[in-house]
């Protein structure tokens, strides 16, 4: 049977709302080189849409083309939404990022006694990431108490604030802190306080059992052959379980340029490097990586789940944002987004 990848060639030129240009050439080249089934991209500069384009297939078996309404898992881009939920609660005086997490979570181990919400937001808690451990699969449906008990049995990897190490555990704990603030669920808070106000109507929990209109199929590669993604998934909850569209993420990106959700003071804190106990700055704020490449500041985050890779990259000095969604397990989205951004960078004197 012919490899479904050959079907991509027939649709790789499908591109809505755009013209053939350097971005198309770049993405076509990356898709061919990396064997990416499908891509959706949006570029925003100076507050206006510069380009929106779709390429390739949302489902190889059914030969379904990508569209502007295609729903992708966005992985750890979820973290900026979880951070926003926590920061909204801080804006309302319901918690502080300086709070010890034991104030908001029941039965935390003694080893976590000095861990604060700030440590969770900045990946400096020392709590081991559960994504490298057995027993946290989605099929187990762990309760909050079971999650805390199982994770709490793991020793800290370092004292809180002493080092930086990416930890999905911290952002799942943040989701539980949101829930313990009196909300029925993390998802209800997210929906009522962020998604509904921004009319992000296609953004939801990625639960495999849910019927999600226009859900994209995710793909992995074995010996350069595509296979359907592994459905033995880790429960990434508020660390990475959001599914969304390019249009909804563009609405979120636009809201970040205003005070509709977060105040300027809050955003400044979220987009400032966390400082370790010894005074060394990290390259991470609250749910955002903070970098400078070729003199251009970047506030962004990538995200990966089985069969998907996505990225939202903001370039403040260039008033530019690039959003990329793909249905591949290859870690490509952030690299592609930054290559695209280089085509739109403003001269230094005009920034």
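Please treat every number below as a calculation from the coordinates, not as lab data. In this text, all values refer to a predicted model and were calculated from it rather than measured experimentally. Backbone-built Cβ (ideal geometry, glycine too); neighbour counts: all protein chains shown.
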| Taking the chain as a Gaussian network, where each spring joins two C-alpha atoms under 10 Å apart, which residue of 38, 209, 152 fluctuates the most? | 209
| What percent do you get for the relative contact order of segment 119-233 when only Cα pairs under 8 Å and 6+ apart count? | 28
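I need 40, 50, 97, 293 ordered by Cβ neighbour count within 10 Å, fewest first.
Lowest to highest Cβ neighbour count: 293, 50, 97, 40.
Output the relative contact order of segment 253-351, whole-number percent, from Cα pairs under 8 angstrom with separation of 6+ residues.
Numbers: 154 pairs, mean separation 15.4, N = 99.
So the answer I get is 16 percent.
Taking the square root of 5 times each eigenvalue of the Cα gyration tensor, what semi-axes in Å does the equivalent ellipsoid of segment 134-246 have, largest first?
Details: eigenvalues 132, 101, 40 Å².
Largest first, segment 134-246 gives 26, 23, 14 Å.
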| query | Each label point is 7 Å from the Cα along the Cα-to-Cβ direction; what then is the distance between the points at residue 114 and residue 345, in nm? | reply | 4.1
| note | So the angle from the long Cα axis of helix 78-91 to the longest Cα principal axis of the chain, reported in degrees to the nearest 10, equals 40
| said: Quick check: the distance between the Cα centres of segment 203-223 and segment 95-140, to the nearest angstrom? | reply: 28
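Order these by the 10 Å Cβ neighbour count, fewest first: 190, 198, 225, 256. Mind dumping the intermediate values first?
On the way: 190 25, 198 16, 225 12, 256 20.
Ordered by Cβ neighbours within 10 Å, fewest first: 225, 198, 256, 190.
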| field | Equivalent-ellipsoid semi-axes of segment 178-323, from the Cα gyration tensor, Å, largest first | value | 27, 22, 17
| query | Taking the Cα atoms only, what angle lies between the long axis of helix 246-255 and the longest principal axis of the chain, rounded to 10 degrees? | reply | 50
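Full-extension gain between residue 154 and residue 46, please, as 0.36 nm times their residue separation minus the C-alpha to C-alpha distance. It would help to have the intermediate numbers written out before the result.
Numbers: separation 108, 0.36 × 108 = 38.88 nm, distance 4.67 nm.
Between residue 154 and residue 46, full extension yields 34.2 nm more.
What order do you get for 95, 276, 87, 211 when you list them from fewest to most C-beta neighbours inside 10 Å?
On the way: 95 18, 276 15, 87 24, 211 6.
In order of increasing Cβ crowding within 10 Å: 211, 276, 95, 87.
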| Share of alpha-carbon pairs per 5 Å distance bin for segment 20-74, given as whole % | 4, 17, 25, 25, 18, 7, 2, 1
| query | In a GNM of the chain with a 10 Å cut-off on Cα contacts, which of 145, 243, 58 has the highest mean-square fluctuation? | reply | 145
| task | Find how many whole Å separate the alpha carbon centroid of segment 241-284 from the alpha carbon centroid of segment 301-319. | result | 12
| task | Report, in deg cm²/dmol and to the nearest 500, the calculated mean residue ellipticity at 222 nm for the chain, where each DSSP H run with n ≥ 4 adds -39500 (n - 2.57) and the sum is divided by the residue count. | result | -7500 deg cm²/dmol
| field | Cα pair distances of the chain binned at 20 Å [whole percent] | value | 31, 58, 11, 0
| field | DSSP bridge pairs, the chain: antiparallel proportion in percent, nearest 5 | value | 95
| query | Roughly what angle does helix 333-342 make with the longest principal axis of the chain, taking Cα atoms, 0 to 90 degrees, to the nearest 10? | reply | 70
| Cα-based Rg and Dmax for segment 252-315, where Dmax is the largest Cα-Cα distance (Å) | 13.3, 39
